[in-house]
Amino acid sequence: MSSEVKESITIHKGLDSIRVNESSICLIDGERSRLYYRGYSIADLTDNASYEEVAYLLIIGQLPTQLQLDELKNTLFSEYTLSPITMTLLKSYPSTSHPMDVLRTTISSLALEDGGLTQDKSVNLQRAIRILAKAPVIIAAFERIRQGKEPLTPKKELGHAANFLYMIHGEIPSNYDSRIMDIALSLHAEHEMNASTFSGIVTASTLSDMYSIITAGIATLRGSLHGGANEEALKMIMEIGTPENAVTFVEERLKQKKRIMGFGHRIYKTYDPRYTILKAIAEKLGGVKGKASLYDTAVRVEREALGRLSDSKIFPNVDFYSGLVFHMLGLRTDLFTPIFASSRIAGWAAHVLEYLEDNRLIRPKAVYTGKVDLQYTPIEQRT
Ligand code: CMC
């Protein structure tokens, strides 16, 4: 490529600020700490709605009537059942497998019994709801299997969040714990054109199937710069151990050019509104569960990190306190990202269904910097 042509090309590393479509699903105002799902503020939704209502809102586009909500709950309940093939698979995995690998593999495997490419909107929607229902059951079943326990089946009288806690712990959760889990799921359900949503859209744009699309989303969410940060943030807070250790830890970490997990965001240049909600929950929950000292350590780390990073517009994000909240609900650290994924299925499905209404294959370009017209050398002549 000539140097003149090269100079006129802008490379958008990380696709920073590139708009890939028009969407009515989610608005993030990263300067003013605001987040809306379909026009409703996240605080309004987490104050009032259940996760099932939020999922309906995202996927269908409006809040459900009581009848529509009941229908969704019935569909979810009937889809909670895992097939013998799925159960056999879950029992065959090494108990040391990361639950995120288990979730990705098992969601992919659901296509073995319901596969095939289709552009039928109702089939895509049905599959999205099926995956949404089965994901938490898969996570909970593996959690029990790896401890040598029998998986539990959901209870009709419990909601989506409460059922998840029930299937993990084997006892009916309190209304308080259930509500916190419900809020946490709603907070993770959607977040505009992030890496995993884009990954789902890339897959959908080739006219692939819903199982492949959600599998791609899970695969992309797994990394520590995206969904995996919640695990890392909690491990960091646990490692620090006490509020007194926070100053040295933060200082050392930043000196070594390492990142503070649960801090920073491509869009938020101030506080992530999900962080604000989770921090308040973590404080209260810490008191209720006798984990106030963990919360105090997190607050101290936050203060020290903010003091050094806020001038660069690096603030705590959703992951700083979400891990703490999940931990206080008695959930093991490696379950955090799968829980995030199970909730985000609603957002992924919403975006994909919207994108497919006016699909265009996603096919960007790279700037070639290699050589051309090299002569093939037979292998025995290569040095
Ligand atoms: N701690 C310390 N420095 C940071 C951090 C952090 N958490 N985040 C960004 N920076 C610095 C970074 O080192 C870089 O500095 P310099 O210009 O001197 O090299 C500068 O800020 C810009 O970093 P970037 O990676 O180009 O910025 P980005 O917009 O791509 O960052 C991010 C977004 C989320 C990848 C990053 O903030 C990060 O790695 N955070 C830690 C991981 C994390 O918490 N991820 C969860 C994100 S929110 C949940 C989700 O949506 O998935």
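Quick note: the coordinates plus some simple rules give every number you see, no bench work behind them. Keep in mind it's a predicted model, so treat the numbers as computed, not measured. Cβ sites come from the backbone with ideal geometry, for glycine too, and all protein chains shown count toward neighbours.
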*Mind telling me which of Gly200, Gly30, Gly290 comes out most flexible in a GNM of the chain, alpha-carbon contacts under 10 Å?*
Gly290
*Label points 7 Å out from Cα along the Cβ direction at Leu225 and Thr206: separation in nm?*
2.2 nm
_Which of Asn163, Asn21, Asn359 ends up with the largest GNM mean-square fluctuation for the chain, with Cα atoms connected below 10 Å?_
Asn21
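Where in the stretch 254-331 are there trypsin sites (Lys or Arg not before Pro) that are in a DSSP coil and have at most 11 other Cβ atoms within 10 angstrom of their Cβ? Kindly include the intermediate steps, with their values, before the conclusion.
Numbers: sites: Lys255, Lys257, Lys258, Arg259, Arg266, Lys269, Arg274, Lys279, Lys284, Lys289, Lys291, Arg300, Arg303, Arg308, Lys313; in loops: Lys257, Lys258, Arg259, Arg266, Lys269, Lys289, Lys291, Lys313.
Passing both the DSSP loop test and the Cβ count: Lys257, Lys258.
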*Would you pull out the residues with amide H under 5 Å of Lys291's amide H, same chain only if 5 or more places away, H placed 1.01 Å from N?*
none
*State which entries of Lys235/Lys258; Lys235/Lys313; Lys149/Lys284; Lys134/Lys156; Lys134/Lys269 exceed 26 angstrom in Cα-Cα distance in the structure shown.*
Lys149/Lys284; Lys134/Lys269
_Tell me which of Pro338, Thr10, Leu67 sits at the most positive position along the dipole axis of the chain, charges placed on C-beta atoms (Lys, Arg +1; Asp, Glu -1)._
Thr10
*Excluding exposed DSSP-loop GluC sites (Glu not before Pro) (at most 14 other C-beta within 10 Å), longest clean stretch of the chain*: 172-356
*asked:* Less than 20 Å from a label point 7 Å out along the Cα-to-Cβ axis of Glu244: which backbone N atoms in the stretch 305-331 qualify, by residue?
replied: 305
*Charge dipole of the stretch 229-328 about the Cα centre (unit charges at C-beta), most positive-ward option of Phe315, His265, Gly290*: His265
*asked:* Please list, in order along the stretch 178-185, the HN-Hα scalar couplings obtained from phi with the Karplus expression 6.51 cos²θ - 1.76 cosθ + 1.60 (θ = phi - 60°), rounded to whole Hz, x for Gly and Pro.
replied: 4, 5, 5, 4, 4, 5, 4, 5
*Which residues' amide hydrogens lie under 5 Å from the amide hydrogen of Leu35, considering only partners 5 or more residues apart or on another chain, with H built in the peptide plane?*
Asp29, Ile42
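Which longest run of the chain has no exposed loop site in it, a site being chymotrypsin sites (Phe, Trp or Tyr not before Pro) in a DSSP loop with at most 11 other beta carbons within 10 Å, and the site itself not part of the run? Mind showing how you got there, number by number?
On the way: sites that count: Tyr368, Tyr376.
With a cap of 11 other Cβ atoms within 10 Å, the longest stretch comes to 1-367.
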_Can you show me the helix-derived [θ] at 222 nm for the chain, built from DSSP H runs with n ≥ 4 at -39,500 (n - 2.57) apiece and divided by the number of residues, rounded to the nearest 500._
-18000 deg cm²/dmol
*5 angstrom amide H check on Cys26, placed H, neighbours 5+ away*: Arg38
*asked:* I want to verify a result. In a Gaussian network model of the chain, Cα cutoff 10 Å, which of these has the top mean-square fluctuation: Asp319, Asp358, Asp177?
replied: Asp358
_Hz values of 3J(HN,Hα) by residue in the stretch 36-43 - Karplus curve (6.51, -1.76, 1.60), Gly and Pro given as x_ = 10, 9, 6, x, 9, 5, 5, 5
*How high is the FRET efficiency between Glu71 and Tyr368 when r is their beta carbon distance and R₀ equals 56 Å, given to the nearest 0.05?*
0.60
*How large is the dipole of the chain about the Cα centre if only Lys and Arg carry +1 and Asp and Glu carry -1, each at its Cβ, rounded to the nearest 20 debye?*
780 debye
*Which is farthest toward the positive dipole end of the chain among Ile139, Tyr80, Val301, measuring Cα position about the Cα centre, with Cβ charges +1 (Lys, Arg) and -1 (Asp, Glu)?*
Val301
*Enclosed volume per residue, in Å³, of the convex hull spanned by Cα atoms of the stretch 229-328*: 81 Å³
*Per-residue ³J(HN,Hα) for the stretch 242-254, Karplus 6.51 cos²θ - 1.76 cosθ + 1.60, θ = phi - 60°, Hz, x for Gly and Pro*: 9, x, 4, 7, 5, 4, 4, 4, 4, 4, 4, 4, 6
*Please list the radius of gyration and Dmax for the stretch 106-212, considering alpha-carbon atoms only, with Å as the unit.*
15.9, 44
*Where Rh is the Kirkwood radius over Cα pairs, Rg/Rh for the chain*: 1.00
